[in-house]
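Worksheet for the structure shown next.
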Amino acid sequence: MPTSSEKPRSADPQDYLEAPVLNQVNAYQAGTILQAGKIYGGIHLEQTSTIVAPIPQQLPAVSSQFVGRAAKLAALDRAASGSSVLISAIGGSGGIGKTWLAIRWAHEHIDAFPDGQLFVDLRGFSPDGEPMSPSVAIKGFLAALNVDPNCIPVELHSQVALYRSIVAKRRMLIILDNAVSSAQVDPLLPGGDSCVTVVTSRRVLNAIISRHGAHHVPLDTLDDSDAHALLALRLGTDRIAEDVEAVAGLIKLCKGLPIALSVIAGRAVARPHVPLADFAIELRDFGLAALEDDDPTVSLPAILSWSYSELPHNQQIAFGLLGIAPGPSISLSAAANLLDMPLTLCHKVLRALEDASLLHRGSNGRYSMHDLVRSYASNTTHHLDEKLVDVSLQRLVDFYLLTAYLGERLLDPHRPPITIRPLSSGCRPAAILDYTAAMTWFDVEHMCLLASQHVCVVRNWHQPVWQLAWTLHTFHIRRGHRQDHLDVWQAGLTAAEKSRHAPARIRAYHNLGHAIAQEGQYVIAIEYIAQALGLARSIGDHANEARAHRALAMVVGKHGNARRALEHATSALSIYRTLGNPVWEASALDSVGVNSAQLGLYDSARQHCEAALALYRKFDRSDGEADALSSLAGICYQTGNYRDSVNLYQQALSLYRRLGHSRPSADVLNRLGQSYIAIGEVRGAHTAWSESLRMYGRQGRNGDAAQVQRQLDKLGSK
């Protein structure tokens with residue numbers, strides 16, 4: 001950055017006397033102009049003389065609403081030092097605070113620019129006219145530099161040459177605010193290396209960044225602390241303290257967008273007797289509409305409309321469809337399905353929306369919108385053809401459904417499959433190659449899958465509702481998403497009953513019963529699974545009949561009827577053996593073993609569980625192997641073989657962790673702690689129970705967590 005201590009170079013009058021008129025308007029760096037017999041600043045000079053022109057100081061006042069942004073101010077400091085061309089293109093959506101940041105930084109460093117500061121609003125996204133032409137902007141700069149209008153040439157390239165000649169070697173700051181394009185900015189950039197130019201735009205001006213080495217300083221929303229500071233600045237700390245909950249609600253609803261916070265704060269200032277809670281309720285109920293204002297410069301819908309109107313038609317369509325896409329973010333492959341585009345073209349469109357600051361690409365490569373921008377985007381779909389919107393959403397839902405189905409087959413390849421509904425034309429699933437990739441994909445897309453099911457519920461697309469629940473089943477169990485597991489199957493059962501599809505109803509009854517059992521409501525769970533059993537028998541669906549017996553064995557056993565549970569497990573084993581599926585047979589063997597142990601039949605229990613373990617290992621089913629090891633560990637504990645129990649639980653835990661199975665891992669840790677206590681290893685028990693407690697808490701299993709906490713408390717009292 002130039003320093004104010006540097007002295008301007010003296011000019012030799014002979015440098016200018018013989019030059020053509022346009023080249024005569026060159027300047028001393030401190031604002032001293034030397035001319036010979038020419039018109040300058042409205043004064044006719046017959047002889048060489050000196051005129052001291054006023055130094056331009058065009059900076060607007062610093063906004064009283066400016067808070068935070070320390071990191072961005074520091075980034076501007078770095079950008080404005082040590083480079084031959086010093087340009088900072090400050091990007092960000094409308095209302096994000098680009099101009100406030102530029103002006104605040106400029107005032108903090110005003111002493112570094114003794115030769116003046118130029119400022120122009122290029123009106124790149126103005127509601128009442130076209131963007132300012134470079135020629136108009138340059139004429140304004142030349143006037144500020146005291147050039148007589150009669151000396152300003154007509155052609156743009158000559159105006160640029162004159163402008164650059166005047167500011168050459170001057171230490172000046174030039175702020176080009178609200179630029180619409182690189183083409184608008186390029187002529188306004190000084191030619192030397194003595195000036196600092198700050199450009200603000202809602203678009204990422206890639207050409208300026210690449211051609212001129214501009215430092216890009218992108219702006220994001222304010223964090224909660226700075227948002228709170230902004231409201232306190234406008235409303236006063238006393239009013240903020242009166243209703244802490246309402247302030248927190250406003251901050252949450254505005255999501256750190258400065259223009260939204262400022263609009264709400266302005267209204268609250270104008271209505272000092274209205275509780276802040278009322279403004280929070282208004283914003284919650286009306287969303288973006290609550291931020292409208294007669295003044296378009298402070299109306300968020302108006303500001304967004306200016307950015308939207310600048311988009312080409314295909315990008316406007318994409319913006320609207322992305323606004324209604326289910327989930328908090330979207331991947332490139334999902335967006336390509338939504339927009340029915342090849343990946344390369346979709347990437348280009350998304351990048352254009354990102355450059356327009358209407359879409360944000362995170363470090364994980366996923367795209368998202370600020371909630372208020374999304375609200376505006378979704379409203380634009382009212383102008384789109386209904387069939388286009390419907391078909392686009394169906395194609396996206398099918399993408400999620402088919403990819404989730406392929407992922408589920410990798411998680412549990414021996415589970416009885418379903419037939420996916422006919423897919424939309426152009427649907428292209430994501431590539432998932434193995435178990436680990438499948439679990440990762442489900443982790444990343446989980447919220448989008450839940451939101452997709454909700455879209456299907458709202459639109460009465462019954463089949464994908466229960467099929468999405470089916471694809472999420474194994475993932476939910478292994479990750480311990482207990483409430484989500486229950487929710488998707490409640491929606492799934494409603495949809496299956498409306499579809500009157502018997503196989504769908506069987507699966508929905510069975511799986512909803514399983515989800516309810518996880519909540520400890522065993523009587524209700526038994527009722528649902530019994531309906532699945534009866535319906536499977538009535539249509540001769542032996543695979544699902546056996547699955548229902550297997551589920552009833554688990555639930556009835558937990559409800560306390562071990563003998564009845566063993567009968568269901570034995571029935572499941574008998575049917576599975578006729579179906580010729582060794583993995584299903586292994587699951588029934590394990591169930592027979594567990595329930596035999598509950599009746600004290602330990603030899604039979606051990607034999608069945610060891611047979612299950614052998615089958616699981618033979619067919620490389622690590623999840624089943626972990627289940628059988630855990631069952632054998634339980635039998636060892638019940639028969640007093642505590643050290644064997646510890647060893648087997650540790651083996652099971654290692655497998656569960658490797659597979660990422662959170663729910664059974666928490667249970668095994670709990671039981672491992674009990675086995676440690678039995679052999680007198682208090683430290684091992686404390687470690688196991690502490691980790692189990694944390695996992696139960698994350699999974700929302702409050703009852704299990706309370707039981708483990710009591711065990712830890714008892715341990716601490718010894």
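The values are calculated or read from the model by the stated rules, or taken from the named source; none is laboratory data. Quick caveat, the model's predicted, so the values are computed rather than measured. Heads up, the Cβs are rebuilt from the backbone with ideal geometry, glycines too, and the neighbour counts pull from every protein chain shown. Each accessible area value is taken on the protein alone, full model and side chains, heavy atoms only, with ligands, DNA and RNA left out. Shrake-Rupley method; radii C 1.70, N 1.55, O 1.52, S 1.80 Å.
Some values worked out for this structure:
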| quantity | calculated |
| --- | --- |
| Output for the range 152-169, where each listed residue is over 19 Å from S181 (Cα atoms), assigned to a helix (DSSP H, G or I) and either of a type in the set (D, E) or open to solvent by less than 20 Å² (accessible area, probe 1.4 Å) (or both) | Q159, L162, Y163, I166, V167 |
| Selection from the range 185-213 of residues that are at pLDDT 90 or above, assigned to a helix (DSSP H, G or I) and open to solvent by 10 Å² or more (accessible area, probe 1.4 Å) | D186, P187 |
| From S452, S499, residue being surrounded by fewer than 22 Cβ atoms within 10 Å (Cβ to Cβ), polar (S, T, N, Q) and under 23 Å from V397 (Cβ atoms) | S499 |
| Those residues of the range 588-619 which are out of contact with any Ser or Thr (no Cβ under 8 Å at 6 or more places or on another chain), more than 12 Å from L655 (Cβ to Cβ) and open to solvent by 50 Å² or more (accessible area, probe 1.4 Å), in sequence order | Q598, L599, L601, D603, R606, Q607, E610, A614, K618, F619 |
| Every pair of residues 6+ apart whose Cβ atoms lie under 6 Å, when the first sits in the range 362-389 and is among the small types (G, A, S) while the second is not in a loop (DSSP other than H, G, I, E, B) | S368/H360; S375/G287; S375/L288; A377/F319; A377/G320; A377/G323; S378/G323; S378/I324 |
| Hey, A628 under 43 Å from the mean Cα position of the chain (by Cα), open to solvent by less than 10 Å² (accessible area, probe 1.4 Å) and closer than 20 Å to G480 by Cβ or not | no |
| Failed criterion for D177 (all others in (1) open to solvent by 20 Å² or more (accessible area, probe 1.4 Å); (2) part of a strand (DSSP E or B) hold) | (1) |
| Residues (surrounded by fewer than 20 Cβ atoms within 10 Å (Cβ to Cβ) and over 24 Å from R663 (Cβ atoms)) located in the range 506-534 | A530, Q531, G534 |
| Residue identified as surrounded by fewer than 24 Cβ atoms within 10 Å (Cβ to Cβ), touching a Leu at 6+ places or on another chain (Cβ under 9 Å), part of a helix (DSSP H, G or I) and not small (G, A, S) among L655, L648 | L655 |
| Options V465, V457, V444: the member that is closer than 30 Å to S378 by Cβ, of a type outside the set (F, W, Y), in a helix (DSSP H, G or I) and touching a residue at least 40 places away in the same chain (Cβ under 8 Å) | V444 |
| Which numbered condition C151 misses (of (1) modelled with pLDDT of 90 or more; (2) within 27 Å of I55 (Cβ to Cβ)) | (1) |
| Scope the range 468-496; condition open to solvent by less than 30 Å² (accessible area, probe 1.4 Å) and over 25 Å from Q699 (Cβ atoms); matching residues | A495, A496 |
| Test: residue in the range 416-427 that is buried (at least 18 other Cβ atoms within 10 Å of the Cβ), in a loop (DSSP other than H, G, I, E, B) and at positive phi | no |
| One residue from L276, L288, L257, L322 being modelled with pLDDT of 90 or more and under 28 Å from G124 (Cβ atoms) | L322 |
| Whichever residue in the range 535-552 is part of a helix (DSSP H, G or I) and more than 23 Å from P413 (Cβ to Cβ) and, among such residues, is most open to solvent (accessible area, probe 1.4 Å) | R537 |
| Hey, A572 crowded, with 24+ Cβ neighbours inside 10 Å and in contact with a Phe, Trp or Tyr (Cβ under 6 Å, 6 or more places away or on another chain) or not | no |
| Filter result for the condition that a residue is surrounded by fewer than 16 Cβ atoms within 10 Å (Cβ to Cβ) and more than 14 Å from the chain's Cα centre (by Cα), over D340, D385 | D385 |
| Out of S631, S645, sole residue that is closer than 15 Å to D590 by Cα, in contact with a Cys (Cβ under 7 Å, 6 or more places away or on another chain), at pLDDT 95 or above and not aromatic (F, W, Y) | S631 |
| Count - residues of the range 124-151 that are loosely packed, with under 15 Cβ neighbours inside 10 Å and of a type outside the set (S, T, N, Q) | 7 |
| Some residue of the range 622-637 being touching a Ser or Thr at 6+ places or on another chain (Cβ under 9 Å), more than 30 Å from A438 (Cβ to Cβ) and not aliphatic (A, V, I, L, M) | yes |
| Yes/no for L401 being touching a residue at least 40 places away in the same chain (Cβ under 8 Å), touching a Phe, Trp or Tyr at 6+ places or on another chain (Cβ under 9 Å) and open to solvent by less than 10 Å² (accessible area, probe 1.4 Å) | no |
